[in-house]
Amino acid sequence: MTTKYIFFTGGVVSSVGKGVTAAALGRTLKERGFNVAVQKLDPYINVDPGTMSPYQHGEVFVLDDGAETDLDLGHYERFIDIRATRVSNFTAGQVYNEIITKERKGDYLGGTIQVIPHITNEIKRRISLVAEKSNPDIVLCEVGGTVGDIESQPFLESLRQLRSEVGRENVLFVHVTWLPYIGATHELKTKPTQHSVAALRSIGISPNIIIARSDHPVAKDLCDKIALFCDVDRNAVVPMVTSKVLYEIPLLLEKTGLPDYVLGMLKLEPRKKPDYREWEQIVDRVNTPKPSVKIALVGKYVELEDAYISVREAIKHAALEAGVEAEIDWIHSADLERDKNLEKLQDAHGIIVPGGFGSRGTEGKIMAARFARENKIPYLGLCLGMQLMCIEFARNVLGYEDANSSEFNRASTHPVIDLMNDQRSITDMGGTMRLGLYPCMLKSGTLAAKAYGSDKIEERHRHRWEFNNTYREEFEKAGMVFSGLSPDGKLVEISEIADHPYMVGSQFHPEFLSRPNRPHPLFVGFLKAIAKHANK
Ligand code: GLN
């Protein structure tokens, strides 16, 4: 079968949930028996988000193959339950990089290199890689940013060309827009949507479907108005009101009739009847009142929840399994450090220290780890959170006062966390960490082995520093258990405190593999320990 493409563009403003909408539609199509692949095109010039501040970009989502990608890939993996690969995300930076490298090699000798056709051809080539790689029935492809942005123009032009190349019957354009609400008159406005569709049409793309996002109910006559002025079918204007329950969105989309409309437009017959029993159960569980527990998430970028989006989702998934309502208290590590006061942690039933880079706030996180260890409060350390848990142990149990990571203090006489050997000669910052899926062996009888119920696991990584093996024996004698090691035994992957209900740190990022219907074992272990602790 020819691969079908559904392209998603954004209108009016960014952050309207284009990624979630695309991911949810992907789920409804998978439920009809189609093999769905995904792709996100990012029009910015960075080669990937790996070197961007989380304040600018939110979380960097790491794939099995080590690609550092946009956080929308996380939505796709969680909603559709797939494992994406490198071809599923590319940026303008990668496209230009490729073309300029070829130009310098002399591949175009004599020619002038231009946005059209060189850049647009490269964009189209990269879009076709998804179909080549996994031979999907349907590719859902989202263009980052908002229609009207100067930088997205070559991308939209490429999609326009692609439509005539692969055939109109094989391509759909879905425009996801925002309806602003005017408080004074209590009404939603469609004018910005009309303008953004006009902008899209001026570059030759008429959307087939408009998803009208809003925080308020969207009346039928408003949808009809959008249909009339934006020249789409009446039943192709789909209102999507912001949902309190994220994982309800596929069910809500289903109610709008959109999935069948999409298949009709693409001339596809459903291969099976959707079965949403699992999703309905998730939504039911979310909506059932549960005892509430408080989790302190001590991080550096807490002003922006998007910086920890997979961690937040993994907590939610595991909380459902543990039968509790997890309330996350976002605590700025630099505040703890500045105020030298742990009052903010007093009523936490559990503490999470997520990943991070650079020294700002690390002392605050170390204080939080100490508090968790000494007060036997469940603790989960993710990557940096594991490293800091080891530093805290070295300082306050082993008595090495200046213990640190060489990332933060090169002069420390006890660098219990040190640069990995194969990182020492690396000077380029982009894409050079230990990235992606690596195997790990678990020590039987440990909290980690019990949580996973297995002795060999594979998890996604993103780090340069590691536990310094010089200190392994000493740590073990003092009560630290290295419950997960790389198969050659050389890298510490999981550490835990023996005499503690649940103090576990992982060098990898378990949050990337958590699914709403398959919560991650380390998070489930953490939430179950919290539920027990909170009961006391
Ligand atoms: N900065 C630490 C390292 O590079 C931790 C990285 C992380 O938390 N992802 O090893």
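Between GLY10 and VAL147, VAL176, the built amide H atoms are under 5 Å apart, and every one of these is 5 or more places off in sequence or on another chain. Once both labels are modelled 7 Å past Cα along the beta-carbon direction, what's the LYS220-ASP339 spacing in nm? The answer from the label model is 5.3 nm. Taking 0.36 nm per residue of separation and subtracting the Cα-Cα distance, full extension of the segment from MET1 to LEU129 would add 44.4 nm. Here the chain is assigned +1 on the Cβ of each Lys and Arg and -1 on the Cβ of each Asp and Glu. Its dipole about the Cα centre then comes out at about 860 debye.
Ranking TYR181, TYR276, TYR379 by solvent-accessible area of protein heavy atoms (1.4 Å probe, all protein chains present), from largest to smallest, gives TYR181, TYR276, TYR379. Legend: residues MET367, MET420, MET433, sorted from most to least accessible area (1.4 Å probe; ligands, DNA and RNA excluded), read MET367, MET433, MET420.
Solvent exposure of region 188-272, expressed per residue, is 49 Å² of accessible area, with all protein chains present and a 1.4 angstrom probe.
Each label point was placed 7 Å from the Cα along the Cα-to-Cβ direction; for THR432 and ARG104 their separation is 1.5 nm. Taken about its Cα centre, region 152-268 carries a charge dipole of about 160 debye when Lys and Arg each add +1 at the Cβ and Asp and Glu each add -1 at the Cβ. Each principal axis of the Cα atoms in region 1-148 has its own extent, and those three values, largest first, are 51, 42, 33 angstrom. A simple count of charges around ALA348, restricted to other residues whose Cβ falls under 12 Å of its Cβ and scoring Lys, Arg +1 and Asp, Glu -1, yields -2. Distant-in-sequence amide contacts of GLU187, defined by a placed amide H-H separation under 5 Å and a gap of 5 or more residues or a different chain, comprise ILE182. Here, P(r) means the percent of Cα pairs in each 20 Å bin from 0 to the largest distance; for the chain it is 21, 50, 27, 2.
Using the crude model of +1 on Lys and Arg Cβ and -1 on Asp and Glu Cβ, and no other charge, please compute the dipole size for region 1-87 relative to its Cα centre, in debye to 20. Present the calculation step by step, with values, prior to reporting the outcome.
Values: 9 positive and 11 negative charges, 93 e Å.
In total the dipole reaches around 440 debye.
When ligands, DNA and RNA are left out and all protein chains stay put, how many square angstrom of accessible area per residue does region 386-489 have with a 1.4 Å probe? Walk me through the numbers before you get to the answer.
Numbers: 4850 Å² over 104 residues.
The answer is 47 Å² per residue.
Can you give the accessible area per residue of region 31-149, in Å², using a 1.4 Å probe? Don't skip to the answer; put the middle values down first.
Numbers: 4530 Å² over 119 residues.
I get 38 Å² per residue for this part.
For the chain, the fraction of 1.4 Å probe accessible surface lying on carbon and sulfur atoms is 50 percent. For ARG410, put the label point 7 Å out on the Cα→Cβ axis and report which residues of region 449-472 keep their amide N under 19 Å from it. Correct set: 464-466.
Of PHE155, PHE408, the residue with the largest accessible area leads and the full order is PHE408, PHE155 (1.4 Å probe).
Think of region 264-343 as having a plus end and a minus end, set by charges on the Cβ of Lys, Arg, Asp and Glu; of LEU320, PRO291, ILE331, LEU320 sits farthest toward the positive end of this dipole. Selection among LEU73, VAL397, PHE526 by position relative to the dipole of the chain gives LEU73 as farthest towards the positive end (Cβ unit charges, Cα centre).
The values are calculated or read from the model by the stated rules, or taken from the named source; none is laboratory data. Because the structure is a prediction, the values reported are computed rather than measured. Backbone-built Cβ (ideal geometry, glycine too); neighbour counts: all protein chains shown. The area values use the complete protein model at the heavy-atom level, side chains included, leaving out ligands, DNA and RNA. Shrake-Rupley method; radii C 1.70, N 1.55, O 1.52, S 1.80 Å.
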